[in-house]
Structure formats: structure tokens, C-alpha cells
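J.: Pasting a structure below so you can have a look.
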Amino acid sequence: EPEYWDGKGWSAKRKEATQISQRFFAENLMQPVYLHDRWISVVKVDGFSGEEVVIDVADNPWGPWTTVDRFVYEPRSGITAKNSYQPIILPWSNPDDGLIIVISENAHDWPVALENPELYRPSVITRPWPD
């Protein structure tokens, strides 16, 4: 049976469900992963429309979450403007080598993306391991 967060704990009553986050304007596609004894999340602020990436850590998947890194992500240059979205932490990230993050990129204008499928390409970046 599903359980719902009611602001204080878990409940079987769907009508008691409440938001767990009101972060950012458009979206917060947080997908926490458990690596080396801590929970880590990487999100693109406001998804397609944002420019910043935020890395958060927590002792538990429900938080509290602490921001440890925030940076502007610049898509690769090319023949057209690009946007980036949905960063994902790769599971072989480790404290010695840092976080390995894959972030998708595509043409900003959808008709251009459809006419040029080669513009879609994931990019791999690294960031320091979160302290």
C-alpha cells in the first residue's frame, strides 16, 4: 500500500499528503543516490530553462539536504544554441576521483533538434567530491 508524507511522518491517507519541497521555480528533478555512506543529489535548477547545477548531500534520503556545490553549466558550443537537462551521477563516482556527472544536451529549438539528431549528445563532467 502506498504511503504519503504528511509533513511530520508517513501516512496511509492520501488526502493528508503534503509537498516535500518547494525548491526552484519550474522543477526540481531530485534523484538522490547513495554513494560512500552518504546521499548525494545533482539537479539542474529549473530543468531546461535553468543554467545552474546544484549538488546536495544528506545523511538520509528525506534530508535535510545541504547544498555543497552550485555552478553554471555551459553546453558545448556549436552551430546552434543548446540547452542541457537531467544531470545524473554515475555510480562509479568516488571520493578520490570526484563526482562523475552525465548531463544531456540538445538543440534549444525543437525543430532544429528534430532536423539534426546528431545535436543530441550527453556530456560528461566531473566535480569535486562533496565534503
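J.: Can you show me the helix-derived [θ] at 222 nm for the chain, built from DSSP H runs with n ≥ 4 at -39,500 (n - 2.57) apiece and divided by the number of residues, rounded to the nearest 500.
T.: For the chain, the value works out to -1000 deg cm²/dmol.
J.: Checking the cross-link filter: which lysines have an alpha carbon closer than 25 Å to that of LYS82, excluding same-chain neighbours under 8 positions apart?
T.: Straight-line reach from LYS82, under 25 Å: LYS44.
J.: Right, something else. Using a probe radius of 1.4 Å on heavy atoms only, what accessible surface per residue do you get for the stretch 2-120? Whole Å² is fine.
T.: Result: 65 Å² of accessible area for each residue.
J.: Assign one of three labels to the chain, namely rounded, prolate or oblate, based on the Cα gyration tensor with a ≥ b ≥ c the square roots of its eigenvalues; rounded applies when a/c is under 1.5, prolate when it is not and a/b is larger than b/c, and oblate otherwise. Before the final figure, lay out the partial values.
T.: On the way: a/c = 2.50, a/b = 1.46, b/c = 1.71.
In terms of gyration-tensor shape, oblate.
J.: To continue, here is another question. I'd like the FRET efficiency for GLU52 and LYS13, computed as 1/(1 + (r/R0)^6) with the beta carbon distance as r and R0 of 30 Å, rounded to 0.05.
T.: With R0 = 30 Å, the Cβ-Cβ based efficiency is 0.25.
J.: Place +1 on the Cβ of every Lys and Arg and -1 on the Cβ of every Asp and Glu in the chain, take the dipole about the Cα centre, and give the residue among TRP92, VAL124, LEU114 whose Cα lies farthest towards its positive end.
T.: It is LEU114.
J.: Rounded, prolate or oblate for the stretch 1-71? Axes are the square roots of the Cα gyration tensor eigenvalues, ordered a ≥ b ≥ c, and the cut-off for rounded is a/c under 1.5.
T.: oblate
J.: Give, in nm to one decimal, the length gained when the segment between GLU74 and LEU114 is fully stretched (0.36 nm per residue of separation minus the Cα-Cα distance).
T.: Computed gain between GLU74 and LEU114 is 12.2 nm.
J.: Quote to one decimal, in nm, the extra length available between SER123 and THR66 on full extension: 0.36 nm per residue of separation minus the C-alpha distance between them.
T.: Extra length available between SER123 and THR66 comes to 18.0 nm.
J.: Could you rank LYS8, LYS82 by how accessible they are, 1.4 Å probe, largest area first?
T.: The ordering from most to least exposed comes out as LYS8, LYS82.
J.: In a Gaussian network model over the chain where Cα atoms closer than 10 Å are linked, find which of ILE40, ILE20, ILE103 has the largest mean-square fluctuation.
T.: ILE20
J.: Would you mind telling me the share, in percent, of accessible area of the chain contributed by carbon and sulfur at probe 1.4 angstrom?
T.: Ligands and nucleic acids excluded, carbon and sulfur reach 52 percent.
J.: Between PHE25 and VAL102, how many nm apart are label points set 7 Å from Cα along the C-beta direction?
T.: 3.0 nm
The values are calculated or read from the model by the stated rules, or taken from the named source; none is laboratory data. Values in this document were obtained by computation on a predicted structure and should not be read as measured data. Here Cβ is always computed from backbone atoms with ideal geometry, including for glycine, and neighbour counts include all displayed protein chains. These area figures cover heavy atoms from the full protein model, side chains too; ligands, DNA and RNA do not enter into them. Shrake-Rupley method; radii C 1.70, N 1.55, O 1.52, S 1.80 Å.
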